[in-house]
1. Where Rh denotes the Kirkwood radius from the mean inverse Cα pair distance, what is Rg over Rh for segment A:213-287?
2. Given H placed on each backbone N at 1.01 Å, which residues far from B:T67 in sequence or on other chains put an amide H within less than 5 Å of it?
3. Would you mind getting the Kirkwood hydrodynamic radius of segment B:282-326 from its Cα pairs, rounded to one decimal in Å?
4. When the expected Rg is taken as 2.2 N^0.38 Å, what fraction or multiple of it is the alpha-carbon Rg of the protein assembly as shown?
5. Taking chain A as the reference, fit the longest principal axis to its C-alpha atoms, fit the long axis of helix A:146-158 to the helix C-alpha atoms, and give the angle between the two in degrees, 0 to 90, nearest 10.
6. Sticking with the crude label model, points 7 Å out along Cα→Cβ, report the distance from A:E233 to A:A260 in nm, one decimal please.
7. Given q = 0.07, 0.10 Å⁻¹, what are the Debye log10 I(q)/I(0) values for chain B, with equal point scatterers placed on the Cα positions and solvent ignored?
8. Treating only the Cα positions of segment B:1-111 as identical point scatterers, give the base-10 log of I(q)/I(0) from the Debye formula at each q in 0.09, 0.18, 0.21 Å⁻¹.
Amino acid sequence: MRCFALLLCTAAFADERKVPLGLDAYIPAPESNPLSPEKAALGRALFFDTTLSRDRTFACATCHDPARAFTDDKPVSKGVSGRTGTRRTPAILNRAYGKSFFWDGSATALEEQVLKPISNPLEMDLAVEDALSRLNETGRYPALDQATLAASLATYVRTILSGDSPYDRYVAGDRSALTTEQLAGLRLFRGKAGCGSCHVGPNLTDERFHNTGTGWRDGRFTDQGRFAVTGLEEDRGAFKTPTLRDAARHPPYMHDGSLATIDDVIRHYDEGGKPNPFLDPEMRRLNLTSEEKSALVEFLGALNGTIREGL
Amino acid sequence: MRRITQKGSRYASKEFAYFSTISPDGATIAYAWYNKDGFYELRASSSAGGSSRVLFSNEEAGFVQPTAWSPDGKQILTLLFRKDNVSQITVVNAESGGIRVLKSLNWVYPKKMDFSPDGRWIVYDSFARDGASDRDLFVLSADSSQEHRIVESPAEDSFPIWSREGSRIYFASDRGGVMGLWAVAVADGRPAGEPQLVRGGLGRFLPMGITAAGELYYCLREGSPEIRVGFIDRDTREVLGSGRVGEGVGPQWSSDGAHLAWLTRRGAENFGEESRAIVVRSMVDRSQQVLTPKMAVISRIRWSPDGQWLLASGSDDKARGGLYRVDVRSGRTIPVVQDAEAPFRGYEGEWSDDGSAVVYQRGGKVYQRSLESAEEREVTGQVLRDCDPDVRLPDGAEPPASLHRDGRTVAFTLGRTRPEIWVLDLE
């Protein structure tokens with residue numbers, strides 16, 4: 001009887017895991033941490049718990065605000081005691097499909113990534129051991145260890161999915177899903193503007209690292225980006241391609257939030273990025289007309305979809 | 001033998017059938033159909049012949065390749081290739097045509113996918129990791145809940161086929177140095193042992209399937225085209241004698257006649273243009289170098305007038321079709337025309353007489369693009385004459401890309417169903 005009940009539970013779980021239109025049905029997860037509704041629920045509770053920060057004022061959700069497509073509206077992240085980070089809070093949409101994490105890809109698994117903001121002095125500033133002690137004292141959770149904390153938070157993050165946008169409906173065959181101007185923007189996106197060279201696939205990112213020059217100021221990089229991870233010269237000033245899903249909903253842009261609007265971003269690319277010794281070879285002047293820029297903005301709006309989280 | 005589709009000659013209709021797979025009960029055939037709108041759709045026909053029905057049709061997923069039926073005959077494992085150069089492993093409902101995308105890959109699509117006999121698993125080959133050039137085998141659960149790497153090695157492992165009883169997966173591999181048939185035991189979607197050689201030294205073979213009697217059937221590509229240099233009697237066109245200089249296709253002389261370049265295969269890749277490299281041979285000292293430009297597909301090459309560059313038609317390593325310049329000394333590759341709408345094989349192109357521009361055809365029109373400024377203009381011209389549609393080239397021969405070039409004019413063939421030769425004044 002117990003075995004039968006377990007089978008029913010598994011079947012129900014499989015049905016619940018329907019993903020939004022435009023995303024793969026297969027949601028990658030490591031064998032050591034398969035998806036489960038229980039872990040997702042626990043991870044969700046932890047994601048919103050301010051106990052995880054030193055002064056008990058910050059939760060993961062403080063910066064990764066569900067109301068703002070799981071990012072915030074600040075150029076760079078803010079942490080406890082008014083501390084300021086160096087990079088923009090990334091929108092953690094569809095990260096289940098990601099290959100590396102953080103702007104520089106310094107984490108190779110979500111289980112590794114989710115713990116780092118807790119101990120980062122510029123973010124939540126609490127040793128993970130102390131966080132576990134605090135959480136276990138609350139009585140709100142089952143006995144937690146570091147592995148369980150990481151697995152639960154990572155599982156929850158894997159359930160944060162964005163899809164079913166007008167673009168997804170168009171790609172699925174609904175020819176009326178995009179307006180005429182959005183369609184023109186899509187053609188530019190894939191053609192003359194070359195956006196699709198890096199913003200590719202269901203999640204509109206190649207998961208690779210590119211130097212577009214945003215970190216280059218006064219003849220030097222303000223942030224070495226991927227170079228800090230690989231030590232390769234060619235990676236200086238390179239940052240991971242972010243998803244464009246729901247991007248129109250959450251300015252500002254780029255790894256340092258230095259571009260306030262989508263118009264600014266398009267202008268940046270139209271000018272071929274900011275010249276520097278390691279500028280990505282894909283970067284070149286685009287010579288877009290004002291009408292073409294407008295069409296691209298319209299198309300980017302068509303990437304706003306439905307965000308769902310949890311199982 | 002009976003014919004399932006009948007649409008007339010290629011001159012009467014440009015539509016045609018492509019990949020196909022037969023249902024487990026033998027009653028239905030699912031196949032790709034290149035339709036009149038210029039993209040592939042998934043169709044199904046009775047194996048007895050008769051009318052067909054469209055199961056899936058979406059221009060955004062412009063290429064479809066049905067590869068296997070689920071054992072219960074309810075789903076068709078189908079590869080999609082989208083306009084944005086994303087390939088997708090999908091299952092299509094054999095009745096409703098409803099589609100479920102299981103997994104997206106980049107433009108390097110699986111060479112083969114197959115269902116396990118119990119229908120729970122799907123095996124496919126794909127690049128081992130981002131940026132890798134060798135393939136491994138993966139098993140994805142049909143309910144999309146899990147995936148496992150089933151074979152991992154630096155070798156090229158591809159064309160997986162599940163055994164009839166489900167305990168083994170057969171595949172082609174070049175491990176050991178030569179292409180052979182290998183098998184790996186599997187249990188519950190995971191490897192249950194190391195791969196074992198079934199038969200080695202099979203050459204350029206392509207596993208296709210396993211019969212009901214348990215026999216593997218495969219396609220074998222024998223022989224390789226040779227590059228030969230010979231002398232032809234101008235009057236009689238008779239070949240007076242020739243000698244072999246290499247293996248490959250598409251030989252092109254440099255304008256001074258001192259070098260010959262052609263396309264050849266590289267690596268263990270068995271089929272396809274992805275494997276091509278460029279051989280440049282000096283006809284003076286017989287030295288030879290192999291260029292491996294950063295291109296996924298090279299379909300044609302043309303020498304620049306100064307002999308410093310080759311104009312290559314094809315796609316780069318992100319599957320962006322167009323025309324590329326390849327430095328004859330270093331292999332450095334620079335895009336000349338790059339277009340998301342361009343076919344994999346790139347555009348038909350030719351150098352201008354002074355080498356400062358390229359002339360190419362796109363969408364039935366001819367354009368000239370400056371190499372320095374990238375400025376482009378449409379080139380107009382006059383139709384010289386119509387080709388005779390009944391003209392047939394010898395087996396294995398490819399139509400010439402550029403029929404004539406005399407300095408100020410360039411000749412092109414335009415159109416497939418009714419080819420025309422255009423002569424265009426570049427001035």
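1. Numbers: Rg = 12.6 Å, Rh = 13.1 Å.
Ratio value, two decimals: 0.96.
2. Here B:L77, B:T78, B:L79 satisfy the definition.
3. On the way: mean 1/r = 0.0873 Å⁻¹.
After inverting the mean inverse Cα-Cα distance, the result is 11.5 Å.
4. Values: Rg = 28.2 Å, N = 738, 2.2 N^0.38 = 27.1 Å.
That ratio works out to 1.04.
5. Helix A:146-158 sits at roughly 50 degrees to that axis.
6. A separation of 3.8 nm, rounded to one decimal place.
7. -0.40, -0.82
8. Rounded to two decimals, the profile gives -0.22, -0.87, -1.13.
None of the figures in this text is laboratory data; all of them are computed from the coordinates on show. As the structure is a computational prediction, the values presented were derived from the model and not from experiment. Glycine also receives a Cβ, built like all others from the backbone with ideal geometry; neighbour counts cover every protein chain displayed.
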